[in-house]
Amino acid sequence: MKLTNKTEKIIRDAIRRAKDEKRPLSLLFVCLGNICRSPAADGIMHDMAAKAGMEDKLIIDSCGFYGGHAGDLPDSRMRQAGRQRGYDFTHRSRTIRPTDFENFDLIFGMDDRNLADLHEAAPTLEAEEKIIPMAELAQNHPDVDAVPDPYWSGADGFYHVLNILEDGCGRLLEMIQNS
């Protein structure tokens, strides 16, 4: 999937607004249960921002739609895959809240189901305009149209998701740094 002009404009406008208002840019990553993809994106983005000296310029969080894992750490397989790449995924799962649409500048959905659920939950058209497919940012994975859920896959599925998320988070950070 390629970054569309519309998505690029949404991201650049959000970055500009945060800078104009002299506040951190806020990013929310969303998947189904908030135990695999979105907490990995959260952890990767935190790590990249810290290494770039930008942790005070970003607010990063993640959540999901399914509440059955609320309060849980990420899936042990995702934590293991992350540890092998130097990440420490310690986010505690939570469900999406109506206030998330007010509190975050950009909201990244991992797959079509998450994106549809986000659009349905968005309280306003302005809130809907914050929703972005995470896969669009993965410039080195042009054949990917979603960040697949690795929950039912083997270890390779978790590493594949990390590859996509590292690519997408890296591209996002580069856009933020260059704006």
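Here are some notes:
- Segment 150-178, subset touching a residue at least 12 places away in the same chain (Cβ under 8 Å) and either aromatic (Phe, Trp, Tyr) or open to solvent by 70 Å² or more (accessible area, probe 1.4 Å) (or both), residue nearest to ASP105 (Cα to Cα): GLN177
- Segments classed as helices (runs of 4 or more DSSP H), wholly inside segment 29-123, with at least 2 members that are polar (S, T, N, Q): 76-84
- Restricting the first member to segment 22-37 and to residues that are buried (at least 23 other Cβ atoms within 10 Å of the Cβ), and the second to residues that are part of a strand (DSSP E or B) and acidic (Asp, Glu), the beta-carbon pairs closer than 6 Å and six or more apart or on different chains are LEU28/ASP61.
- Contacts under 6 angstrom Cβ, first residue in segment 73-88 being more than 13 Å from GLY33 (Cβ to Cβ) and open to solvent by less than 80 Å² (accessible area, probe 1.4 Å), partner at pLDDT 95 or above and aliphatic (A, V, I, L, M), 6 or more apart: ALA81/LEU162
- Within segment 104-123, tally of residues that are within 25 Å of ARG23 (Cα to Cα), open to solvent by 40 Å² or more (accessible area, probe 1.4 Å) and under 15 Å from the mean Cα position of the chain (by Cα): 0
The values are calculated or read from the model by the stated rules, or taken from the named source; none is laboratory data. These figures come from a predicted structure and were not determined experimentally. Ideal geometry is used to build each Cβ from the backbone, glycine not excepted, and the neighbour counts take in all protein chains shown. Quick note on the areas: whole protein, heavy atoms, side chains included, nothing else; ligands and nucleic acids left out. Shrake-Rupley method; radii C 1.70, N 1.55, O 1.52, S 1.80 Å.
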